[in-house]
Structures are given as C-alpha cells and as structure tokens.
Amino acid sequence: MNPKFLKDFIENFGARYSEILGIKLEGGVEEEIFKWFLASILFGAPIRESTVIKTYRQFEERGILTPESILGTGWHGLVLILDDGGYARYDFKTADKLLEVMKNLIERYDGKLTQVHFSASDPQNLEDKLKNLGKGIGAVTVNIFLRELRGIWGKAKPNPAGHVTLAAGNLGIIVEDSSKGVLQQLEEFWLSNAIPGKSFVNFESALLRLGRDFCRKRKCLKCPAIGNCIQFRMV
C-alpha cells in the first residue's frame, strides 16, 4: 500500500470518537472512561453520528457524567436530555437502558468501570461482564467501547467490527483464508506500516468509517480508497 495514501487516509478518517468528544482516555482515569462508556451507549444505536455527538453534549452541558448523576436525573429527565439532543427515536428505550445499567454498575462495581476490568478474568469475560450490566448493552456497544481502550486496558481486545473487516479485505490488508485471525493480520500490518503520531485505534477507526460509509453502501466511485481497492479492480 502506498505510504502517502495510508497517511492521508488515517489523517482524514482516523479520528478517534473519544478524541472528537474531548474525552481523554490515555491516562485510564475512571471519570474519563465513564464518559466514553456513556458515549458508547449512545453510539450503539443505529443513529447518525452527528446526533450522538449532539446528545452527548447535552449530558456534558448539564454535568450529568457519572452513574449517580444519571440515576438522579430520573427517567423523565433523561428523556428530556435525549430529546434535546435529537435522540427522540430511541429516547424511551435509552432512558430505560441507562437507568438499568447505572443501577447495576453501582450495585456490583461501586459505580466504577475500572472495577469491571479488574474483576474480569480475560478479554472475553470482560465483554461478558459489560453486556451483563443491562439487556441494552449488546455486542455493538461493547465493541465501540473497548475498541478505543486498546492499549489502555490490558483486557480490551475486541475483535474488529464487521465494517472494519470489510474495508480491510477490500484494501487487501487481510485475507479470508489466512490461518491468522483478522485482528492479528491488522496488528501485523500496522506494525509494519505505522504512521508516526498515530495509533492502531486511529487505523481501525479509519477502516470502520470506510467500511460503513463507502464499502457497505457500494459507493465505489466516490470512495477515497478506490485506487487501492482490490474488489473494484476485479469488477
């Protein structure tokens, strides 16, 4: 792959969602990790990225960024916040979810996500514990949350999302019949082609956006990676 293309690709598509929201995960601080958990729950719904960001800002502006403050806001208050952010289509369901998850997080882990990580025996057990916080915490939300905690939490090792796999395959970064898993292939590619100042999470985020916004929708002629796409050249 052309190094210039990879650099431009990550510069243009690789911004971490936590970074966009101003959440500082690098230090592994509980308060920042919780902010990202709340944002991940919002991102977990099939809704526009811009709407999720606007809705998260509503929580931020009101200072409702802890399990206790979310519980204290109550169902009607949460619905109002969600509606103000444009999250109206999922407001009732999300309010229910948030209250259940926060209640369980406080009762089981003293309200601390770092305790969830500490108590997990391995990466899969960590994912299971997160899902068990509430019926609305599914595989998509857990993947979003843990993806940006790679390298921060030792047990945060989710398999790449489907959109990442789709884009990586189209770019020839991974091959389906390899004896190596998708994550291992991506990590080995990044190790050999890392862009200074960028992380594997930036690389994964760029692939996610490419797969979601172009590959899945078959917007080949508008795709910024068209010159590097194996599938397009085979058509």
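For the subset of the stretch 179-208 comprising residues that are in contact with a Phe, Trp or Tyr (Cβ under 6 Å, 6 or more places away or on another chain) and not small (Gly, Ala, Ser), which member is surrounded by the fewest Cβ atoms within 10 Å (Cβ to Cβ)?
Applying the first criterion (in contact with a Phe, Trp or Tyr (Cβ under 6 Å, 6 or more places away or on another chain)) to the stretch 179-208 yields 190, 200, 203, 206.
From the residues that got through so far, the ones that are not small (Gly, Ala, Ser) too are 190, 200, 203.
Numbers: Trp190: 19, Phe200: 17, Phe203: 25.
Filtering the stretch 179-208 for residues that are in contact with a Phe, Trp or Tyr (Cβ under 6 Å, 6 or more places away or on another chain) and not small (Gly, Ala, Ser), the one surrounded by the fewest Cβ atoms within 10 Å (Cβ to Cβ) comes out as Phe200.
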For the stretch 114-131, name all the residues that are in contact with a Leu (Cβ under 7 Å, 6 or more places away or on another chain) and of a type in the set (A, V, I, L, M). Val116, Ala120
Quick count over the stretch 215-232, residues being outside any helix (DSSP H, G or I) and touching a residue at least 24 places away in the same chain (Cβ under 8 Å), is 4
For the stretch 13-31, enumerate the residues that are farther than 25 Å from Ala168 by Cβ, free of Cβ contacts under 8 Å to residues at least 24 places away in the same chain and surrounded by fewer than 18 Cβ atoms within 10 Å (Cβ to Cβ). Gly22, Lys24, Gly27, Val29
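So which of Ile195, Ile230, Ile152 is within 16 Å of Pro123 (Cβ to Cβ) and either touching a His at 6+ places or on another chain (Cβ under 7 Å) or aliphatic (A, V, I, L, M) (or both)?
Values: Ile195 fails: within 16 Å of Pro123 (Cβ to Cβ); Ile230 fails: within 16 Å of Pro123 (Cβ to Cβ).
Of the residues listed, the single one that is within 16 Å of Pro123 (Cβ to Cβ) and either touching a His at 6+ places or on another chain (Cβ under 7 Å) or aliphatic (A, V, I, L, M) (or both) is Ile152.
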Condition check: of a type in the set (Gly, Ala, Ser), surrounded by fewer than 18 Cβ atoms within 10 Å (Cβ to Cβ) and within 30 Å of Leu113 (Cα to Cα). Does Gly211 satisfy that? no
Filter the stretch 72-122 down to residues that are among the basic types (Lys, Arg) and surrounded by fewer than 20 Cβ atoms within 10 Å (Cβ to Cβ) and give me whichever is farthest from Leu149 (Cα to Cα). Arg89
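Among what's in the stretch 186-214 and is out of contact with any strand residue (DSSP E or B) (no Cβ under 9 Å at 6 or more places or on another chain) and of a type in the set (Phe, Trp, Tyr), pick the residue that is nearest to Glu148 (Cα to Cα). Give the steps one after another, and end with the answer.
Going residue by residue through the stretch 186-214, those that are out of contact with any strand residue (DSSP E or B) (no Cβ under 9 Å at 6 or more places or on another chain) are 186-198, 202-203, 205-214.
Going one step further and asking which of them are of a type in the set (Phe, Trp, Tyr), we end up with 189-190, 203, 214.
Working: Phe189: 18, Trp190: 16, Phe203: 11, Phe214: 22 Å.
It comes out as Phe203.
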List every residue pair whose Cβ atoms lie under 6 Å apart, where the two residues are 6 or more positions apart in sequence or sit on different chains, the first residue falls within the stretch 194-214 and is outside the structural domain of Gln184 (by TED's automatic domain parsing), and the second residue, located anywhere, is part of a helix (DSSP H, G or I) and among the charged types (D, E, K, R). none
By my count, helices (runs of 4 or more DSSP H) wholly in the stretch 1-97 with at least 1 residues that are more than 25 Å from His163 (Cα to Cα), out of contact with any His (no Cβ under 7 Å at 6 or more places or on another chain) and at pLDDT 95 or above are 30-43, 49-62, 67-84
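Scan the stretch 123-151 residue by residue and report those that are of a type in the set (A, V, I, L, M) and surrounded by fewer than 18 Cβ atoms within 10 Å (Cβ to Cβ). Write out each step before concluding.
First, the residues of the stretch 123-151 that are of a type in the set (A, V, I, L, M): 126, 130, 133, 137, 139-140, 142, 144, 146, 149.
Of everything in the stretch 123-151, those that are of a type in the set (A, V, I, L, M) and surrounded by fewer than 18 Cβ atoms within 10 Å (Cβ to Cβ) turn out to be Ala139, Val140.
The values are calculated or read from the model by the stated rules, or taken from the named source; none is laboratory data. As the structure is a prediction and not an experimental result, all values here were calculated from the model. Every residue, glycine as well, gets a Cβ built from its backbone with ideal geometry; the counts of neighbours run over all protein chains shown.
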